[in-house]
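Asker: Below: one structure in structure tokens.
Nothing in this text is a laboratory measurement; each read-out follows from the coordinates by a stated rule. Just so you know, these numbers come straight off a predicted model, no measurement behind them. Methodologically, a virtual Cβ is constructed for each residue, glycine included, from the backbone with ideal geometry; neighbour enumeration extends over all protein chains shown.
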Amino acid sequence: MQHDKRTDIDCRQRCLIAFDLDDTLFKERDYLRSGHRVLARKLAGESGADERALFRLITEHHPRGIEAALAYLAERGTPSSFSVDELVEAYRAHTPDISLDADTERTLQELKRRGHRLVLITDGSTRHQRAKLHALGLDRFIEPDAVLISEETGGDKHTPLPFAIAEERFGKETAHRIYVGDNLSKDFRWPNQRGWTSVMLADHNGINVFPQQPLQWPGEYRPSACIDNISRILEFV
């Protein structure tokens with residue numbers, strides 16, 4: 001019988017390590033661009049316009065990219081038959097072309113190998129967040145009952161609810177609790193108040209959806225630690 005290394009770690013050593021999804025485990029920009037490519041392809045196929053030009057237009061004018069693309073097609077004499085609502089639905093329904101980067105993949109693999117309990121705490125709709133989760137292959141690392149999506153739990157990270165659920169489900173089997181996120185408005189306040197170690201993954205390139213400006217936030221909203229690469233979370237456990 002193959003030896004399960006997870007049995008070597010008892011509850012005094014095992015950590016509950018919860019991750020945010022967007023702009024933590026992957027860049028939300030990649031999801032946006034994935035959807036924009038779908039829209040550009042759809043509009044180009046109908047109108048004969050250049051797909052790359054439509055993609056640039058939609059991306060540069062986000063979040064009003066659809067309207068900009070429709071106006072462009074009308075001006076060139078090839079108006080689209082698709083409405084804004086139809087294109088928004090196409091964006092929302094698309095299968096994301098996204099993936100974990102090498103550092104994130106290796107880090108999750110190593111945390112799982114060490115026997116830690118990995119949890120996902122993310123805000124958003126079930127439809128969108130589960131599509132991202134599936135595309136990223138996160139089910140390889142995170143068990144179904146450890147996926148906490150705000151639409152399903154009934155409370156987002158502006159409330160203590162998702163963190164309380166994680167504690168209730170996995171607190172007895174873990175000695176320490178860590179939350180890794182990026183958004184100062186909601187990712188760290190409640191973990192801080194509940195005695196977790198809060199860790200912010202720094203956005204050095206300035207491409208996250210929400211800018212990181214810690215000094216503009218009260219102390220309770222700031223993380224207890226900041227890392228420049230997700231692999232550094234291994235130093236905490």
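Asker: For the range 59-179, what are Rg and Dmax over the alpha carbons, in angstrom?
Answerer: Calculated on Cα positions, Rg and Dmax stand at 19.5, 65 Å.
Asker: Per residue of the chain, what 222 nm ellipticity follows from adding -39500 (n - 2.57) for every DSSP H run with n ≥ 4, rounded to the nearest 500?
Answerer: Result for the chain: -11500 deg cm²/dmol, rounded to the nearest 500.
Asker: Using a Förster distance of 41 Å, how high is the FRET efficiency between Glu151 and Ala71, based on the Cβ-Cβ distance and rounded to 0.05?
Answerer: 0.80
Asker: To continue, here is another question. Give me a comma-separated list of calculated 3J(HN,Hα) values for the range 101-108, in order, Karplus coefficients 6.51, -1.76, 1.60 applied at θ = phi - 60°, integers in Hz, x for any Gly or Pro.
Answerer: 7, 4, 5, 5, 4, 5, 5, 5
Asker: Hey, which lysines would be in cross-link range of Lys186, C-alpha to C-alpha under 21 Å, not counting anything within fewer than 8 residues on its own chain?
Answerer: Lys27, Lys132, Lys157
Asker: Take the Cα pairs of the range 1-137, get the Kirkwood Rh, then feed it into Stokes-Einstein at 20 °C and 1.002 mPa s and tell me D in µm²/s.
Answerer: Answer from the Stokes-Einstein relation: 123 µm²/s.
Asker: Still on this structure, I have one more. In debye to the nearest 20, how big a dipole does the chain give about its Cα centre with +1 on each Lys and Arg Cβ and -1 on each Asp and Glu Cβ?
Answerer: In debye, rounded to 20, the chain gives about 480.
Asker: Could you work out the relative contact order of the chain, using alpha carbon pairs under 8 angstrom and six or more residues apart, expressed as a whole percent?
Answerer: Computed over the chain, the figure is 25 percent.
Asker: Assign one of three labels to the range 154-237, namely rounded, prolate or oblate, based on the Cα gyration tensor with a ≥ b ≥ c the square roots of its eigenvalues; rounded applies when a/c is under 1.5, prolate when it is not and a/b is larger than b/c, and oblate otherwise.
Answerer: Details: a/c = 2.00, a/b = 1.35, b/c = 1.48.
Because a/c hits 1.5 or more and a/b fails to exceed b/c, the range 154-237 counts as oblate.
Asker: How large is the direction-averaged shadow of the alpha-carbon convex hull of the chain, in nm²?
Answerer: 14.9
Asker: Moving on. Mind sorting Lys172, Lys132, Lys186 by how few other Cβ atoms lie within 10 Å of their own Cβ, fewest first?
Answerer: Values: Lys172 8, Lys132 21, Lys186 16.
Taking fewest neighbouring Cβ atoms as first place, the list is Lys172, Lys186, Lys132.
Asker: Suppose the chain between His61 and Arg41 were pulled fully straight at 0.36 nm per residue; how much longer would it get relative to their current alpha carbon spacing?
Answerer: That pair, His61 and Arg41, stretches by 5.5 nm at full extension.
Asker: Ok, one more. Eigenvalues of the Cα gyration tensor times 5, then square-rooted: what semi-axes does that give for the range 30-93, in whole angstrom, largest first?
Answerer: Equivalent ellipsoid of the range 30-93: 16, 12, 11 Å, largest first.
Asker: Something else: By how many degrees, between 0 and 90 and to the nearest 10, does the Cα long axis of helix 51-60 differ from the longest principal axis of the chain?
Answerer: Once rounded, one gets 60 degrees.
Asker: Compute the helix-to-body angle for 28-47: its Cα long axis versus the longest principal axis of the chain, expressed 0 to 90° and rounded to tens.
Answerer: It works out to around 20 degrees.
Asker: Taking the Cα atoms only, what angle lies between the long axis of helix 161-170 and the longest principal axis of the chain, rounded to 10 degrees?
Answerer: 50
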